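Let me begin by presenting the structure, written as structure tokens, before commenting on it.
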Amino acid sequence: MSSHATSTIFVVGGTGAQGMPIVRALVADKRYSVRVLTRDSTSLRAQALLALGNVSLLEGSFADEDVLREGFRSSDGAFINIDGFNTGEKTETYWAIRSYEIAIEEGIKFFVYGNLDYALKKSGYDSRFRTGHYDGKGRMAEWILFQNEKNRDRMGARAEAKSCFSW
């Protein structure tokens with residue numbers, strides 16, 4: 001009998017193009033169970049994740065503090081990937097910050113934020129290269145890593161930059 005305890009990871013964005021491979025990878029070796037936030041637990045994508053085993057679904061929105069608290073409260077870690085392309089830069093910025101803050105409050109041990117390159121900054125702040133959904137994610141990654149310089153004793157954090165095309 002193994003003394004290994006399976007860790008639970010709360011995933012926001014798990015039914016998306018980038019999130020589905022993350023969930024698959026997390027449950028592949030049965031080391032993790034994953035709780036996926038979904039707007040519709042009956043959707044084909046949500047049901048496909050559920051069929052993997054070691055996956056449970058939490059129906060709701062990333063823009064609902066009570067739902068986020070519920071997801072974080074039952075988990076050890078979190079992978080947050082807000083769809084800034086569809087929600088917009090301002091919405092992603094606010095909810096990325098609140099997700100990080102609530103995760104600390106609820107005792108998450110490790111927080112991973114799925115992000116993209118901060119294209120505007122990389123271009124030397126040349127607005128010809130401004131790309132809202134990239135820049136929003138890039139700004140939030142830097143913010144989270146900066147916050148974690150002071151909070152690392154409470155929660156580990158990482159910002160994972162992945163291009164939509166790298167999966």
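So the values come out like this:
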| quantity | calculated |
| --- | --- |
| Candidates per chymotrypsin sites (Phe, Trp or Tyr not before Pro) in the stretch 117-151, loop by DSSP, up to 11 other Cβ within 10 Å | TYR125 |
| Normalised contact order of the chain, rounded percent, pairs of Cα under 8 Å and 6 or more residues apart | 20 percent |
| The chain - percent of accessible surface contributed by carbon and sulfur, probe 1.4 Å | 52 percent |
| Rg ratio (alpha-carbon, reference 2.2 N^0.38 Å) - the stretch 1-131 | 1.12 |
| Long-range amide H partners of ASN115 with built H, under 5 Å | GLU160, ALA161, LYS162 |
| Under 23 Å between alpha carbons - lysine pairs in the chain that sit 8 or more apart or on different chains | 14 |
| Residues with amide H under 5 Å from that of VAL36, placed H, sequence gap 5 or more | VAL11, SER56, LEU57, LEU58 |
| Dipole axis of the stretch 15-167 (+1 Lys, Arg; -1 Asp, Glu on Cβ), positive-most option in MET140, ILE104, SER43 | MET140 |
| Total charge dipole magnitude, the chain, about the Cα centre, Cβ charges on Lys, Arg, Asp, Glu only, Debye to nearest 20 | 420 debye |
| Helix 132-151 axis, angle to the chain major axis (alpha carbon atoms, nearest 10°) | 70 degrees |
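The values are calculated or read from the model by the stated rules, or taken from the named source; none is laboratory data. Quantities reported herein were computed from a predicted structural model and do not represent experimental measurements. Here Cβ is always computed from backbone atoms with ideal geometry, including for glycine, and neighbour counts include all displayed protein chains. Quick note on the areas: whole protein, heavy atoms, side chains included, nothing else; ligands and nucleic acids left out. Shrake-Rupley method; radii C 1.70, N 1.55, O 1.52, S 1.80 Å.
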